[in-house]
Amino acid sequence: MTAPVVAVVGGGQLARMMAPPATALGLHLRVLVEDPTSSAAQVVVDAPVGAASDEVAIERLVVGADALTFEHEHVPNALLDRLEAAGTSVQPRAAALVHAQDKIVMRTRLTELGIPCPRWVPLTAPADLDAFLAGGSAVVKTSRGGYDGKGVRVVRSSDEVSDWFSAVADSTGVPLLAEEKVPFTRELAVLVARSPSGEVRTWPVVESVQRDGVCAEVIAPAPDLDAVTREQAVDVATRIAKGLGVTGVLAVELFEVPGLDGSPTVLVNELAMRPHNSGHWTIDGAVTSQFEQHLRAVLDLPLGDTTPTATWTVMANVLGSALADPAEALASLDPTVKVHLYGKEVRAGRKLGHVNVSGDDLADVRARAVAAAAILRGEPV
Ligand code: ADP
């Protein structure tokens, strides 16, 4: 019997982290990488080189593949529609993926589904924004192409995004939207996996700690989360997965905000339809990792158990302008720390790896994770 083939567009760390479970499940992973030295190309044998926008390369990638999936959202949808029509199993389908590509499409659909979101409007002219601002502040976002806080600006006047409005006017930019600046107490995330035949599994709700617009730590499960908010978060994520017809892993980023009666509630910030930074803890902290689950889901195999294997797991990103020599770092690292490095070139602010630490005492687990990430960045112990 030949191994099922999963084709993945994008050769970064997410595709790289699909390799161990693909090996374990006896699957053949084929990854379209941007460069022969890309993170995934270092560990995946079948790694053709091509850009995510290269239609010919993607057409070649899917020959003999049982499923096509993605590690990022920047893929041409018209091509995905064509591939689907020609019989390729595209997971998630273009009709679902568009909600992770375009924030206006996403907000429109979630609003239709009655999913709680920040108040928002699409912007066609600076006057729309000034009316929405009504003398206060708001968050302006580019509808497409943003990541790690790029494409997000908090403004008090439309003048502060005049460059973005000009770019839209001369067709070099993408449409904009404005959202109310929500007074969130923290950011939460729910990871859910759904298979084409409709099986759905969620992992516990986590807290994601952001620094300078980038995820620094993830705490699983989210500490002191009341049961009502937890159920609301899981319900929202499950309704989105089903309502949008998502297949594979879906990450729903949430704001926890005080509700009208003072008790907490959640609003949806963003969606990602792929394994996500908020789920890296599952590699060492859950029976089935998000990477294994994504592979199972896109092939429509039964989904794995998502139960946590420890009371607490904390993930800390190794964000870098420097990386210690791994052998030297291991010498000073706590041996219970699970290290995941991505083989990426060091660049300021880049995600170079992460660590996972599990245990029963959250303060201790968190301190050990943060210390381990610092050691891997080459900071003095
Ligand atoms: P990106 O697509 O670049 O990740 P996000 O939409 O997730 O952008 O926004 C980045 C960060 O900006 C969020 O993590 C949050 O801290 C802040 N932010 C985004 N939207 C809002 C909002 N409506 N109200 C308050 N803060 C927001």
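The values are calculated or read from the model by the stated rules, or taken from the named source; none is laboratory data. Values in this document were obtained by computation on a predicted structure and should not be read as measured data. Cβ coordinates were reconstructed from backbone atoms using ideal geometry, including for glycine residues, and neighbour counts include every protein chain displayed.
Annotations
- The condition of being of a type in the set (Val, Ile, Thr) and at pLDDT below 95 holds for only one of VAL266, VAL214, that being VAL214.
- Subset of segment 49-63 (residues that are out of contact with any Pro (no Cβ under 9 Å at 6 or more places or on another chain) and surrounded by fewer than 17 Cβ atoms within 10 Å (Cβ to Cβ)): ALA51, VAL56, GLU59, VAL63
- Matching residues, segment 69-82, being surrounded by 22 or more Cβ atoms within 10 Å (Cβ to Cβ) and farther than 22 Å from SER39 by Cβ: LEU80
Conditions tested, residue by residue: (1) of a type in the set (Val, Ile, Thr); (2) under 30 Å from LEU299 (Cα atoms); (3) touching a residue at least 12 places away in the same chain (Cβ under 8 Å); (4) more than 11 Å from the ligand (Cβ to nearest atom).
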{"site": "LEU176", "(1), (2), (3), (4)": "no, no, yes, yes"}
{"site": "PHE184", "(1), (2), (3), (4)": "no, no, yes, no"}
{"site": "VAL192", "(1), (2), (3), (4)": "yes, yes, yes, yes"}
{"site": "VAL206", "(1), (2), (3), (4)": "yes, yes, yes, yes"}
{"site": "ALA220", "(1), (2), (3), (4)": "no, yes, yes, yes"}
{"site": "ASP226", "(1), (2), (3), (4)": "no, no, yes, yes"}
{"site": "ALA233", "(1), (2), (3), (4)": "no, yes, yes, yes"}
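- Residues within segment 313-327 that are in a loop (DSSP other than H, G, I, E, B) and either in contact with a helix residue (DSSP H, G or I) (Cβ under 8 Å, 6 or more places away or on another chain) or surrounded by 21 or more Cβ atoms within 10 Å (Cβ to Cβ) (or both), tallied: 2
- Among residues of segment 253-267 that are over 13 Å from THR229 (Cβ atoms), those with a Cβ under 8 angstrom from a residue that is of a type outside the set (S, T, N, Q), sequence gap 6+ or separate chain, pair up as GLU253/GLU187; GLU253/LEU188; GLU253/ALA189; GLU253/VAL268; GLU253/GLU270; GLU253/LEU271; GLU253/ALA272.
- Test: residue in segment 76-89 that is within 23 Å of ALA272 (Cα to Cα), assigned to a loop (DSSP other than H, G, I, E, B) and at pLDDT 95 or above: yes
- Here GLU180 does not fit the description of being at pLDDT 95 or above, in contact with an Asp or Glu (Cβ under 9 Å, 6 or more places away or on another chain), under 30 Å from PRO126 (Cβ atoms) and within 13 Å of the ligand (Cβ to nearest atom).
- Residue in segment 29-37 that is assigned to a helix (DSSP H, G or I) and more than 24 Å from GLY304 (Cα to Cα) present: no
- Subset of segment 78-137 (residues that are among the β-branched types (Val, Ile, Thr) and either within 16 Å of the ligand (Cβ to nearest atom) or under 20 Å from the mean Cα position of the chain (by Cα) (or both)): VAL90, VAL98, ILE104, VAL105, THR108, THR111, ILE115, VAL121
- Selection from segment 139-149 of residues that are touching a helix residue (DSSP H, G or I) at 6+ places or on another chain (Cβ under 6 Å) and under 14 Å from GLU160 (Cα atoms): VAL140, LYS141
- Among the residues of segment 223-260, those identified as farther than 21 Å from GLU199 by Cα and in contact with a Lys or Arg (Cβ under 9 Å, 6 or more places away or on another chain) are PHE255, GLU256.
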